[in-house]
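Structure first, then comments.
Only the coordinates and a few stated rules stand behind these numbers; no lab work does. Keep in mind it's a predicted model, so treat the numbers as computed, not measured. Glycine also receives a Cβ, built like all others from the backbone with ideal geometry; neighbour counts cover every protein chain displayed.
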Amino acid sequence: MTRAWILPMVLVVGGSVVAIGQIAAGSPGVAAVLLVVFLLLAVRYSPLVFPRSIGAVEAQRRSAEDGRPIVYWRAGCKYCLRLRTRLGRDARRLHWVDIWRDPAGAAAVRAATGGDETVPTVVLAGRPYVNPDPAWVRGQLGQGDGTRS
């Protein structure tokens, strides 16, 4: 299991334990509600809500071809989740690199941020932007390919 799945698994196991406790206490309705809440949190903090990640080298190649930004991210990062959520469907138009799965991606972020692995780091036309405003990122998508979101 990779680090990206640790928090979601803790939420699933924790929610199951809490639900079992509620069932044992005679509150199956409360148990069901709590279990659903924990499961929704697990999905929210899992890599499942992000577009499929690719390697940094492949993302750089694709970005050079199509001009789309690269987003370096990691699971469990609330700022990455905020960016992903606010981009909505437009998130699929970016190249996503999970720095926990790709050492080259982590190295690219460290090089861009002066040694830290601060995410999200968005690279557009070779220039890094650390934790940019989602509206700004969406605006860059509209400018890059001649369409507006």
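Summary of computed values
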| quantity | calculated |
| --- | --- |
| Stretch gain in nm, segment residue 66-residue 78, where the contour uses 0.36 nm per residue and the Cα spacing is subtracted | 1.5 nm |
| Kirkwood-Stokes translational diffusion coefficient of the range 16-59, alpha-carbon pairs, 37 °C, 0.692 mPa s, µm²/s | 264 |
| Efficiency of FRET between residue 131 and residue 48 - r from beta-carbon atoms, R0 25 angstrom, step 0.05 | 0.65 |
| Angle in degrees between helix 78-87 and the longest Cα principal axis of the chain, rounded to the nearest 10 | 70 |
| Antiparallel DSSP beta bridges within the range 50-145, percent to nearest 5 | 65 |
| Karplus-derived HN-Hα couplings along the range 27-44 (A = 6.51, B = -1.76, C = 1.60, θ = phi - 60°), whole Hz, x at Gly and Pro | 10, x, x, 5, 4, 5, 4, 5, 5, 4, 4, 5, 5, 5, 5, 4, 5, 4 |
| Average projection area in nm² (convex hull over Cα atoms of the range 3-89, one quarter of hull surface) | 6.6 |
| Cut-off under 5 Å, modelled amide H: who pairs with residue 96 long-range | 54, 71 |
| Principal axis dimensions, the chain - Cα atoms, whole angstrom, descending | 59, 33, 22 |
| Computed label-point distance, nm, for sites residue 117 and residue 40 using a 7 Å Cα→Cβ extension | 3.1 |
| From phi via Karplus (6.51, -1.76, 1.60), per-residue ³J(HN,Hα) for the range 64-74 in Hz, x at Gly/Pro | 5, 6, 9, x, 7, x, 9, 10, 8, 9, 8 |
| Vicinal HN-Hα couplings computed from phi for the range 97-110 (Karplus, 6.51 cos²θ - 1.76 cosθ + 1.60; Hz; Gly/Pro x) | 10, 7, 5, 7, 9, 10, x, 5, x, 4, 5, 5, 5, 4 |
| Fraction of the pair-distance distribution of the range 79-149 above 14 Å, Cα-Cα pairs, percent | 59 |
| Low-density loop cleavage sites - chymotrypsin sites (Phe, Trp or Tyr not before Pro) in the range 1-86, where at most 15 other Cβ are within 10 Å (DSSP) | none |
| FRET efficiency estimate (nearest 0.05) - Cβ-Cβ, residue 85 to residue 32, R0 41 angstrom | 0.95 |
